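The values are calculated or read from the model by the stated rules, or taken from the named source; none is laboratory data. Since the structure is predicted, the reported quantities are computational estimates derived from the model, not experimental observations. FYI the Cβ positions are ideal-geometry reconstructions off the backbone, even for glycines, and counts take in every protein chain you see.
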């Protein structure tokens, strides 16, 4: 399980409190991999189609 926002990043959720019980959420490894993949795309380390549009601000 993870949370996501408009900035296209993920935040792993390891535990939740439900009815006064602390529950472990599996899948942290997948969330961490997804987080790193998205970060690599955002910083240009990995190519991903038309992820980034260059805008000429001089016009």
Here are some residues: 54, 45, 16. Which one is at pLDDT 80 or above, over 15 Å from the mean Cα position of the chain (by Cα), in a loop (DSSP other than H, G, I, E, B) and loosely packed, with under 13 Cβ neighbours inside 10 Å?
45
Neighbours by Cβ (under 7 Å, 6+ apart or cross-chain): first from region 24-37, on the phi < 0 side of the Ramachandran plot and at pLDDT below 85; second exposed (fewer than 14 other Cβ atoms within 10 Å of the Cβ) and part of a helix (DSSP H, G or I)
none
Subset of region 19-42 (residues that are in contact with a strand residue (DSSP E or B) (Cβ under 9 Å, 6 or more places away or on another chain) and part of a helix (DSSP H, G or I)):
28, 30, 31, 32, 34, 35, 38
